[in-house]
Amino acid sequence: MSPAIFIAQSAEEISAVKTLFLEYLDFIETALGQPLDFQGTEKEFSTFPDVYDFLLLAKLGDEPVAACGVKKFRPDVAELKRLYCRPSGRGHNLGELLTIASMTESRNRGFTEMYLDTDPKLTHAMAIYERLGFEDIPRYYENPMGCSRFMKKTL
């Protein structure tokens, strides 16, 4: 079964992305042993999806299995956020496909660069970003987690 990746637009699709993002937060906070409150998650989810320029959703059949969001960081810089794939969706290259789709859509919307941050413990994600040509950059926002890796790619 081939995955379908698209911009989430309907209330049902946006709700599916929100559910995936909340699962991501549980996953990442458990993996890192630290909450992500410093990112303003309470406000983000109380006004969801207001902080995002667009949301991408991946489905296998009718099942939502992966998602990511893109925010405007600066007028020319998009920021990739909350890339996550449920265990039931793994093995279909969805992390890479979603990252590529987010870069394409960002470029189509006039962005010239994409930023992201990740954690070195997330080796699979880092491999995707490196394979797609993201490069290390200095910290671009206040983040109390000393081990975060900040990256960018010219679109």
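The values are calculated or read from the model by the stated rules, or taken from the named source; none is laboratory data. These figures come from a predicted structure and were not determined experimentally. All Cβ positions, even for glycine, are placed from backbone atoms using ideal geometry, and neighbour counts span all protein chains on display.
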Go through the range 78-105 residue by residue and tally those that are touching a residue at least 40 places away in the same chain (Cβ under 8 Å), of a type in the set (A, V, I, L, M, F, W, C) and either touching a Ser or Thr at 6+ places or on another chain (Cβ under 8 Å) or assigned to a strand (DSSP E or B) (or both). 2
Could you list, in sequence order, the residues of the range 116-155 that are assigned to a helix (DSSP H, G or I) and surrounded by 14 or more Cβ atoms within 10 Å (Cβ to Cβ)? Ala125, Met126, Ile128, Tyr129
Please list, ordered by first then second residue, the pairs with beta carbon atoms under 7 Å, 6 or more apart or interchain, first in the range 116-144 and in contact (Cβ under 8 Å) with a residue 40 or more places away in the chain, second surrounded by fewer than 14 Cβ atoms within 10 Å (Cβ to Cβ) and assigned to a loop (DSSP other than H, G, I, E, B). Asp119/Cys147
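Yes/no matrix, rows are residues, columns are (1) at pLDDT below 95; (2) surrounded by fewer than 19 Cβ atoms within 10 Å (Cβ to Cβ); (3) touching a Cys at 6+ places or on another chain (Cβ under 6 Å):
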residue	(1), (2), (3)
Ala31	yes, yes, no
Gly40	yes, yes, no
Ser46	yes, yes, no
Tyr52	no, no, no
Arg74	no, yes, no
Within the range 87-105, restricting attention to residues that are among the charged types (D, E, K, R) and modelled with pLDDT of 95 or more, which residue is farthest from Ser15 (Cα to Cα)? Glu96
Consider Thr19 carefully, then state whether it is β-branched (Val, Ile, Thr) and surrounded by fewer than 19 Cβ atoms within 10 Å (Cβ to Cβ). yes
Which of the numbered conditions does Val65 fail, given that it passes all the others? Conditions: (1) in contact with a His (Cβ under 9 Å, 6 or more places away or on another chain); (2) outside any strand (DSSP E or B). (2)
